[in-house]
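Structure below; questions to follow.
The values are calculated or read from the model by the stated rules, or taken from the named source; none is laboratory data. Remember, it's a predicted structure, so these values are computed and weren't measured experimentally. All Cβ positions, glycine included, derive from the backbone under ideal geometry; neighbour counts span all protein chains shown.
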Amino acid sequence: MLADVPAALRVAELCKAYRATRALDGVQLSVAPGELVGLLGPNGAGKSTLTKIACGLVRPTAGRVEVLGLPAGSKAARARTGYLAELFRFPGWASADELLTLHQRLTRSDGGAEERARLLGLVALLDDAERRVETMSKGMQQRLGIAQALIGDPALVLLDEPTSALDPAGRRTVRRLLERLRERGVAVLLNSHLLSEVERVCDRVVIVDHGTVVAEGTPQELAAPGGVEIETAGETKRYPDARHEDVPRIVQRLVAEGEQIYGVRVVAGTLEETYLDLVGDTPR
């Protein structure tokens, strides 16, 4: 049952079947205003299908999706949603400024030149406003795609693999942009294969596999514990299942056994380890 208070995005018992294939099977998730949620999963897990349903491009077989309490795909919901597809194509003859002008017309945004300049500045393309798309690198086009997704000041932004073609500097630009969106109360659902980027910027992570949610939580909650290493006079002892709170007990026992302690290190876990434990490490 959906809560009375509208989230930026709320998904309830969402199912999508393509003949005998179930792309989504009872998915439930929510994104609060100003929250950055990373959507992780292997190829074919249903991430892009969920994103397309949320922006109204695909109809669900069953379940319900709402944007700010409005049915996903409705005219009112689409007006509050920004979207960048994974496989996007922009006309090569258009300049960056002309492309944003076109999308302003499509979204009926009245932001004009001021909005276009602001968005190009956000994605570090202001100096390339008159540059044609066909002369841009893939990374520049991807940043331009993020700018078009922000036209009209959407309350919810759906980004499908927005950093896949970016170099480290480009990914840093996008991270800073996402942080600014969070500060403005804009909700973001970020579909990505770059676990390190998701771990660095997202407030919460949802892992999907075979059309179902298999894990959800903050990156810190989902990071697998890396154990504890204690350096003694004779060797470095490793306790792979130990956590931070286990350190005093382990040290006390070692001292009681006559060991001399020279150092203690809590090994940080990673989101990647948890992800691979849940979905496996075989490419699909």
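Just name the residue that is surrounded by the most Cβ atoms within 10 Å (Cβ to Cβ) out of those in segment 238-263 that are closer than 30 Å to Arg204 by Cα and aliphatic (A, V, I, L, M).
Ala242
If I ask for residues that are among the charged types (D, E, K, R) and assigned to a helix (DSSP H, G or I), which ones from segment 152-201 would you list?
Once the filter is applied, which keeps residues that are among the charged types (D, E, K, R) and assigned to a helix (DSSP H, G or I), segment 152-201 yields Arg171, Arg172, Arg175, Arg176, Glu179, Arg180, Arg182, Glu183, Glu197, Glu199, Arg200.
Residues that are touching a helix residue (DSSP H, G or I) at 6+ places or on another chain (Cβ under 8 Å), modelled with pLDDT of 80 or more, aromatic (Phe, Trp, Tyr) and part of a helix (DSSP H, G or I): does segment 273-284 have at least one?
So far as segment 273-284 goes, yes, one or more of its residues are touching a helix residue (DSSP H, G or I) at 6+ places or on another chain (Cβ under 8 Å), modelled with pLDDT of 80 or more, aromatic (Phe, Trp, Tyr) and part of a helix (DSSP H, G or I).
Same structure, new question: Are any residues in segment 202-242 assigned to a strand (DSSP E or B), touching a residue at least 12 places away in the same chain (Cβ under 8 Å), over 15 Å from Glu272 (Cα atoms) and out of contact with any Phe, Trp or Tyr (no Cβ under 9 Å at 6 or more places or on another chain), and if so, which ones?
Across segment 202-242, the qualifying residues are Thr212, Val213, Lys237, Tyr239.
Could you tell me which residue of segment 155-173 is surrounded by the fewest Cβ atoms within 10 Å (Cβ to Cβ), considering only residues that are aliphatic (A, V, I, L, M) and either touching a strand residue (DSSP E or B) at 6+ places or on another chain (Cβ under 9 Å) or over 21 Å from Ser48 (Cβ atoms) (or both)?
For segment 155-173, the residue satisfying everything is Ala169.
Looking only at residues that are among the hydrophobic types (A, V, I, L, M, F, W, C) and surrounded by fewer than 18 Cβ atoms within 10 Å (Cβ to Cβ) in segment 16-57, which one is nearest to the chain's Cα centre (by Cα)?
Here the answer is Ala32.
For segment 120-141, enumerate the residues that are closer than 18 Å to Leu190 by Cβ and in contact with a Leu (Cβ under 6 Å, 6 or more places away or on another chain).
Passing the criteria: Leu122, Gly139.
Identify, by number, the condition in (1) in contact (Cβ under 8 Å) with a residue 24 or more places away in the chain; (2) within 30 Å of Ala17 (Cα to Cα) that Leu276 doesn't meet.
Tallying (1) in contact (Cβ under 8 Å) with a residue 24 or more places away in the chain; (2) within 30 Å of Ala17 (Cα to Cα), Leu276 fails exactly one: (1).
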